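**Student:** Take a look at the following structure, please.
Each reported figure results from applying straightforward, stated rules to the coordinates on display, with no laboratory input. Keep in mind it's a predicted model, so treat the numbers as computed, not measured. Cβ atoms come from the backbone with ideal geometry, glycine included; neighbour counts cover every protein chain shown.
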């Protein structure tokens, strides 16, 4: 199964772990990444993952996240089709960067788009499930 983690998901372990919701999402995200390393899931990385990670002002975080590009089994480059799909997704009330991430996941035939962005988790997109790391683990385990 192919999965896509967005930038906020990759950054979750660096957030304040004293909040239970954040700690649970971190634990689930690390569990998912361990399963990726064991080839249980196929991780997709994209040009949008590169773009957003390069914007991270913290070198340590940026470097820790960038490693996942080499672990990912698939890479999704930019294309006119992705840009077009991103514009369609934006019309659903989704921010442009998030729309492009989702378009990359769709283009890459991902079954799940995993995010900690609660605003995104309330949206519905045809052909892909938007899930928090915790909900993903609940659904597939």
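**Student:** What order do you get for 117-126, 2-11 when each peptide is scored by the mean count of other beta carbon atoms within 10 Å, highest first?
**Tutor:** 2-11, 117-126
**Student:** Another question, if that's okay. Which number comes out as Rg/Rh for the chain once both Rg and the Kirkwood Rh are worked out on C-alpha atoms? All intermediate terms of the calculation are to be shown ahead of the outcome.
**Tutor:** On the way: Rg = 14.0 Å, Rh = 15.0 Å.
Checking Rg against Rh, the ratio lands at 0.93.
**Student:** Give me the percent relative contact order of the chain, please, defined on Cα pairs under 8 angstrom at least 6 residues apart.
**Tutor:** 32 percent
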